Amino acid sequence: MEKFVITGGNALRGRVKIGGAKNAALAIMPASILSDEVCRIKNIPNISDVSLISKILAEINVKVRILNKTTIEIDPRNIIKKPVSCDIVRRVRASYYLLGALLGKFSEASVSLPGGCNFGVRPIDQHLKGFARLGAEYNIDSGVINVRSKKLSGNNVYFDVVSVGATINIILASVKADGLTVLENAAKEPHVVDLANFLNSMGADIRGAGTDVIKVRGVKYLKGTSYSIIPDQIEAGTYMVAAAATGGDVTIENITPKHLEAIKSKLEEMGTIIEEHEESVNVTRKTPLKRCNIKTMPHPGFPTDMQPQISSLLCLADGTSIVNEGVWDNRFRYVEELKRMGANISVDGKIAVIEGVKKLTGTPTKAMDLRAGAALIIAGLAASGETVIENIEHIERGYENICQKLLNLGANIRRISEGCEPLNVARVL
Ligand code: EPZ
């Protein structure tokens with residue numbers, strides 16, 4: 001098993017370049033099969049979820065060619081119509097975007113029920129409601145979702161809850177449907193906008209992405225395109241929090257400042273100094289961290305995918321902070337791991353009460369999911385002593401070269417494999 005070993009206490013200093021947005025890439029790659037030509041996608045993050053989606057596309061004979069470290073070409077010209085039910089599907093939640101993309105292309109799709117991070121129930125009722133509104137019928141049989149329609153027709157789709165996945169899936173299913181589809185109470189995340197921009201660059205007619213009403217007028221043909229994915233707002237936010245947690249001075253490059261407003265506002269409330277430039281932010285913290293309250297909300301609220309990371313930081317703030325998880329039922333599974341490091345947190349349902357402590361101490365820990373793992377890295381960087389993090393495959397699903405990027409910022413971190421103790425100079429001596 002691969003692990004990270006972190007010896008805390010080093011203030012992060014220097015510059016880090018942010019990669020392409022994971023949640024945009026995981027929507028745009030399946031979307032490319034709606035074209036009848038080759039799509040070139042730039043600023044693709046080098047993460048395992050992207051490799052898994054590539055393998056799933058290969059199952060239906062969609063070719064993914066790697067042109068360089070951050071650019072791929074997706075060739076759907078010889079795609080075959082068949083159920084997508086390989087075991088990889090259950091390992092990446094975004095595999096369910098193939099439902100919308102295949103339904104949009106062939107008027108039918110069969111895809112295994114998705115997997116992904118496990119923090120409470122992850123229903124797909126809004127996806128299925130949207131498909132039905134477009135005239136599709138569906139059933140779930142032996143863990144596979146089958147959706148089909150004689151002819152997809154545009155319609156009004158009102159989402160009972162704001163859902164990134166359902167918004168994306170209905171855009172994919174409606175982009176070639178007959179007539180106008182109006183999505184209401186739609187998700188406004190940057191990756192929803194990025195998907196709409198990608199599809200429009202192929203000749204789609206999508207307006208209003210980034211607002212809660214998105215209008216999709218079906219088109220007959222989608223051509224190939226060359227498109228660059230937006231920077232990852234959550235990767236950027238994670239490094240901003242790591243800089244604040246270690247009292248460092250870090251410039252985070254290749255970002256979209258507008259996507260970081262909620263994170264920047266909360267970090268400044270906690271006493272961090274943030275200088276914003278056109279495509280970078282500089283984060284420094286020289287004074288004690290102040291407490292603050294967080295409520296995670298759909299965009300443009302504070303992102304739920306930054307909740308574990310900011311909670312790690314609040315563990316070291318002066319005073320009591322309240323974190324209210326407004327999106328997921330059970331996104332506090334990392335708390336038990338932080339408490340093993342000396343954090344003082346009590347959780348009741350979707351609320352965590354965090355009493356700041358003077359310091360955290362390193363200890364062996366386990367990453368429960370992607371962002372929980374990021375929270376443990378942040379805690380380990382700020383803690384005294386050595387923190388070992390197991391199950392780092394969760395972390396590497398969504399953070400490109402995180403160990404090297406942190407090493408370049410002066411962190412004392414290394415990646416080890418099971419069965420070999422980290423080389424500790426003190427022990428050797
Ligand atoms: C996407 O998940 C992201 N994943 C998640 O990021 C992120 O936490 C989430 O959006 C919210 O921003 C990807 O983009 C691959 P939702 P998704 O549908 O689409 C309820 C990360 O760390 N809901 O917006 O699955 C649901 O239970 C990952 O990068 C329904 O009730 O999330 C939740 O309470 C983790 N019915 C809320 O909506 C549905 O049909 C938001 O879920 C769908 C969702």
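The values are calculated or read from the model by the stated rules, or taken from the named source; none is laboratory data. Quick caveat, the model's predicted, so the values are computed rather than measured. Don't worry about glycine lacking a Cβ; one is built from the backbone with ideal geometry, like all the others, and counts go over all protein chains shown. Note: accessible area is taken over every heavy atom of the protein model, side chains too, but ligands, DNA and RNA are not part of it. Shrake-Rupley method; radii C 1.70, N 1.55, O 1.52, S 1.80 Å.
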Query raised in the report: In whole Å, how far is the Cα centre of region 155-225 from that of region 1-46?
Result: 23
Query raised in the report: Using Cα-only point scatterers and the Debye equation, what is log10 of I(q)/I(0) for the chain at each q in 0.06, 0.11 Å⁻¹, rounded to two decimals?
Result: -0.25, -0.82
Query raised in the report: What's the FRET efficiency of Val121 with Ser51 using the Cβ-Cβ distance as r and R₀ = 25 Å, to the nearest 0.05?
Result: 0.35
Report summary line: Given pairs Lys82/Lys105; Lys295/Lys339; Lys264/Lys366 and cut-off 18 Å on Cα-Cα distance, the over-length ones are Lys295/Lys339; Lys264/Lys366
Query raised in the report: What's the extension gain from Glu108 to Val219 if we count 0.36 nm per residue and subtract their Cα-Cα distance?
Result: 38.2 nm
**Report entry** Label-point gap, in nm, between Lys295 and His277 - each point 7 angstrom along Cα→Cβ
**Finding:** 3.6
**Report entry** Residue-averaged [θ]222 nm for the chain, counting only DSSP H segments that reach four residues, each worth -39500 (n - 2.57)
**Finding:** -8500 deg cm²/dmol
Query raised in the report: Which value, in Å³ per residue, describes the convex hull spanned by the Cα atoms of region 22-228?
Result: 101
Query raised in the report: In region 116-181, which trypsin sites (Lys or Arg not before Pro) fall in coil by DSSP and have 11 or fewer other Cβ atoms within 10 Å?
Result: Lys150, Lys151
Query raised in the report: Share of the chain's accessible area from carbon and sulfur, percent, 1.4 Å?
Result: 50
Requested in this report: Pull up the cross-link candidates among the lysines for Lys69, meaning alpha carbon to alpha carbon under 21 Å and not fewer than 8 places away within one chain.
Outcome: Lys17, Lys22, Lys42, Lys55, Lys405
Query raised in the report: Residues of region 183-299: accessible area per residue at 1.4 Å, in Å²?
Result: 39
Requested in this report: Would you list, by chain and number, the aspartates and glutamates whose Cα falls below 12 Å from the Cα of Lys188, excluding same-chain residues fewer than 8 positions away?
Outcome: Asp212
Query raised in the report: Name the trypsin sites (Lys or Arg not before Pro) in region 38-88 that are in a loop by DSSP and that have at most 14 other C-beta atoms within 10 Å, would you?
Result: Lys69, Arg77, Lys81
